[in-house]
Amino acid sequence: MKQKILKFGLFFGIFLFFIWLSFHFFFWIDRKQENKLVAQNQSITRLTKTELNQLQEGDIILRRGYGFFSDIIAEKLNDSIFDVTHSGILFLKNKEWYIIHSLSSDASDIDGIQEQSLSDFLKYSVPNKILVVRTKNITKQQGKQIVAQAKYYLTKKIPFDKYGIIDEPSQMYCTELIWQILDNDLHLLSLPENKKERKDLFYSMKGTYDTKYFDIIINTYLHKNKF
């Protein structure tokens, strides 16, 4: 009996290892494909000088990324107009624009909340698929407060939330960071309190460009219509 249990345990352990290995191998392949597409499109301008001059600290940038998982997010978590898949908070560092955002270690060398130059962030965006939004009715000072709170989480090295547990800031995914700061921390937005409505908002991209909460400052999807 003990021998059967040991054999089963060994088999189950090998099975779990195979699943884990396959999962990470898939991410590795997906990331290689992403890097290939980034290299192919790196010469394409994502934001013009005029658009860059419109930015303010605390603005939120949304992009459509490359890869299989971005394809799923684009299709399932958006409306029929936009198909963004990732978000970050804009801030100035040495007079250059940077982003604070959260990525999984499967998609980044760093797990969780990290900073990245805007120029590097934009390389990973499909051309003509970028939005910049600004929280409604906020002042420039409140924008700086958004940045300060994002930097606080950056210093805490908050890991990526792989399980999607909302309203719990010990781990956060990209849009969760935004909602945590704007609603729970600074109370600049009033989000639904109903549990289902709240989950529907947190588990989609649609809320991050909902004009109920944000003004759309830059919409590069419109660039397509200029050619």
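The values are calculated or read from the model by the stated rules, or taken from the named source; none is laboratory data. Quantities reported herein were computed from a predicted structural model and do not represent experimental measurements. Every residue, glycine as well, gets a Cβ built from its backbone with ideal geometry; the counts of neighbours run over all protein chains shown. The protein model used for the area step is the full one, side chains on, heavy atoms only, and it has no ligands, DNA or RNA in it. Shrake-Rupley method; radii C 1.70, N 1.55, O 1.52, S 1.80 Å.
Scanning the range 103-114 for residues that are modelled with pLDDT of 95 or more and open to solvent by less than 50 Å² (accessible area, probe 1.4 Å) gives Leu103, Gly112, Ile113, Gln114. Each residue in the range 48-94 was checked for being among the acidic types (Asp, Glu) and under 14 Å from Ser125 (Cα atoms), and 2 of them qualify. Within the range 118-140, the set of residues being assigned to a loop (DSSP other than H, G, I, E, B) and open to solvent by 10 Å² or more (accessible area, probe 1.4 Å) comprises Tyr124, Val126, Pro127, Asn128, Lys129, Lys136, Asn137, Ile138, Thr139.
Within the group Leu77, Leu103, Leu55, which residue is within 14 Å of the chain's Cα centre (by Cα), aliphatic (A, V, I, L, M) and under 20 Å from Tyr213 (Cα atoms)?
Leu77
Yes or no, residue by residue, for (1) under 27 Å from Ile44 (Cβ atoms); (2) at pLDDT below 95; (3) in a strand (DSSP E or B):
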| position | (1), (2), (3) |
| --- | --- |
| Gln116 | yes, no, yes |
| Gln142 | no, no, no |
| Gln145 | no, no, no |
| Phe160 | no, no, no |
| Gln171 | no, no, no |
| Ile181 | no, no, no |
| Leu222 | yes, yes, no |
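State yes or no: is Ser70 within 17 Å of Gly164 (Cα to Cα), in contact (Cβ under 8 Å) with a residue 40 or more places away in the chain and of a type outside the set (Phe, Trp, Tyr)?
no
Cβ-Cβ distances below 8 Å connect the following pairs, each with a first residue in the range 49-62 that is among the polar types (S, T, N, Q), a second residue that is part of a helix (DSSP H, G or I), and a separation of six or more residues or different chains: Gln56/Lys140; Gln56/Gly143.
Somewhere in the range 66-80, is a residue in a loop (DSSP other than H, G, I, E, B), surrounded by fewer than 18 Cβ atoms within 10 Å (Cβ to Cβ) and not hydrophobic (A, V, I, L, M, F, W, C)? Within the range 66-80 (the criterion being in a loop (DSSP other than H, G, I, E, B), surrounded by fewer than 18 Cβ atoms within 10 Å (Cβ to Cβ) and not hydrophobic (A, V, I, L, M, F, W, C)), the answer is yes, since at least one residue qualifies.
Which residues, taken from the range 145-174, are among the β-branched types (Val, Ile, Thr) and open to solvent by less than 60 Å² (accessible area, probe 1.4 Å)?
Ile146, Val147, Ile158, Ile166
Residue count for the range 89-102 satisfying the condition of being touching a strand residue (DSSP E or B) at 6+ places or on another chain (Cβ under 8 Å) and open to solvent by 30 Å² or more (accessible area, probe 1.4 Å): 5.
The residue of the range 81-102 that is modelled with the lowest pLDDT, among those that are part of a loop (DSSP other than H, G, I, E, B) and among the hydrophobic types (A, V, I, L, M, F, W, C), is Ile81.
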